[in-house]
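Read the structure below first, then the notes.
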Amino acid sequence: MTVTTPPRRTVLAAAVAAAVGSSASFSAPAASAEGGGGGAAARHRPRPTASTIHNVAWTTAADWRAGHGDGTAVVRGDRPGVTIGTPVGTVSYADPHTGTTASWEYATWLSPTREAATPASELIASWNADTPAGTWVRIELFGVYTDGSHTPWYTMGVWASGDGDIRRTSVDDQSDGKSTIWTDTFSIDDTDAGPRLATYQLRLTLHRAPGADASPTVWRLGAMTSDVPARFEVPATGPGQAAGVEIDAPPYSQNVHIGRYPEYDNGGEAWCSPTSSQMIIESWGRAPTPEQLEWVDPAFDDPQVCHAARYTFDYQYDGCGNWPFNAAYAATYPGLQAVVTRIASLTDAERLVAAGIPLITSQSFYEAELDGAGYGTAGHLMTVVGFTEDGDVIANDPASDSNAEVRRVYPRRQFENIWLRTRRYNESGGVSGGTGGVCYLYFPTDLTHRQRTALAAVGIR
């Protein structure tokens, strides 16, 4: 099976490839590089460099009080958050996907200014929220570049857990000539000559129906900044502390859903992200209720995967692959929180797995680059649920023809390279992009000491 439909990530990859083509040239890696053996490939293997990945999050009552609220109130308790207190007014919103215009009461919360640990070429925001019927949130970004100029206010998402009031959506055509929003990712346009992102703020606008009692509550807001260097190959690692560890997660195939719900992008390869999300959500013991699944055709098996597709669907992107929307969906389950981040090495991934925290990873590759996959892809999500005694990756890969075939073992060296690189040669010999270690992390609010330590080691609190 070959994945051929170009997902949204190929748009960013095309931009990256164009930038590569206009700057310094790169030599193709030796054919044996993926194998991690000796010889020339080993001599030219890149040396480890300091990570540029930096995560910031607002999660505590003190965090929320440190921001500037206009009409908001801080919710205390086991899961502190920010909600509407006294609305500051009403605003009209014309939903581009329903054609309806309505008025909404609103309040805003503005984060303190945060500095990227390394001037950043990318930023991805994440949020965890409760949006009862009649409520929704907008998440925005404002940044200052290293040359002292600033971005406009960029919308990073218009989001609700349901789809009865507004349609959750990204916003296209946001750019200022220095940076662009690619669905869910802030990206510097020219990483050779252009400025990078130095500081930023996030703003929440909380909306509810006029006069309503229900209000949205945001429990977690954060961003990951990074400046991952251009690289076709990453340093090899050996087996670590998760060797022989496998986390129990249900195996779900995306391909058994081919042709289901065209309004949510038709199942199959388009559902890799929600299928992966559902596997990891259920690994934590959470699942939709029978009442939540009543809308699914009873003839369909694994209805929870259909449910995940519907409630991660981005109506502008016209698909289920919006990274923060998947994380926000996961956090609608009781006691779960979720972030989108990058991981610097497979050793860091092992630290998480050893603590019982699986990962959902994003990668692209052609078939010959990953033994045992049987397909190539311009962008695909799968889960990392364990490691063999030899350190190879145990993945629940939804790009399988049945649930029984979902569990795979992929060679360690090949997997870490296709996941962590930012440049790759495609089958036609051209240059395409890679995600540089992007992943989703879903984990409980009630963490063990070991889990908290493992998350802290990769910059998550």
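Derivation of every value follows stated rules applied to the coordinates shown; laboratory data play no part. Computed from a prediction, not measured in an experiment: that's the story for all the values here. Cβ placement follows ideal geometry from the backbone for every residue including glycine, while neighbour counts extend to all protein chains displayed.
Structure values in brief
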{"quantity": "Long-range HN-HN contacts of ARG196 with modeled amide H, under 5 Å", "calculated": "THR146, ASP147"}
{"quantity": "Whole-angstrom gap from the stretch 150-196 to the stretch 96-140, using each part's C-alpha centre", "calculated": "11 Å"}
{"quantity": "Relative contact order [Cα under 8 Å, 6+ residues apart], the chain, whole percent", "calculated": "19 percent"}
{"quantity": "Peptide ranges 96-103, 129-136, 167-174, 391-398 listed from the most packed, as the mean C-beta count within 10 angstrom indicates", "calculated": "391-398, 129-136, 167-174, 96-103"}
{"quantity": "About the Cα centre, charge dipole magnitude for the chain (Lys/Arg +1, Asp/Glu -1 at Cβ), debye", "calculated": "1340 debye"}
{"quantity": "Cα-centre dipole for the stretch 54-226 with unit charges at Cβ (Lys and Arg positive, Asp and Glu negative), debye to 20", "calculated": "540 debye"}
{"quantity": "Alpha-carbon Debye profile of the chain, log10 I(q)/I(0) at 0.10, 0.11, 0.12, 0.14 Å⁻¹", "calculated": "-0.70, -0.86, -1.03, -1.45"}
{"quantity": "The chain: DSSP helices with Cα axial extent of at least 15 Å and average Kyte-Doolittle hydropathy no lower than -1.0", "calculated": "9-21, 272-283"}
{"quantity": "Between the stretch 327-383 and the stretch 447-461, the alpha-carbon center distance in angstrom", "calculated": "17 Å"}
{"quantity": "Karplus-derived HN-Hα couplings along the stretch 146-162 (A = 6.51, B = -1.76, C = 1.60, θ = phi - 60°), whole Hz, x at Gly and Pro", "calculated": "5, 8, x, 7, 9, 7, x, 6, 9, 7, 9, x, 10, 9, 8, 5, x"}
{"quantity": "Ranked by how many other beta carbons lie within 10 Å on average, peptides 73-83, 444-454, 357-367 from highest", "calculated": "357-367, 73-83, 444-454"}
{"quantity": "Positive-end extreme of charge dipole, the stretch 305-461 - chosen from GLY374, VAL409, PHE387 (charges on Cβ)", "calculated": "PHE387"}
{"quantity": "Cβ-Cβ FRET estimate between HIS68 and SER402, R0 fixed at 45 Å, reported to 0.05", "calculated": "0.30"}
{"quantity": "Cα lying deepest toward the dipole's positive end in the stretch 54-226, options VAL56, THR72, TRP109, charges on Cβ", "calculated": "THR72"}
{"quantity": "Relative packing of peptides 221-228, 321-328 - highest average C-beta neighbours within 10 Å first", "calculated": "321-328, 221-228"}
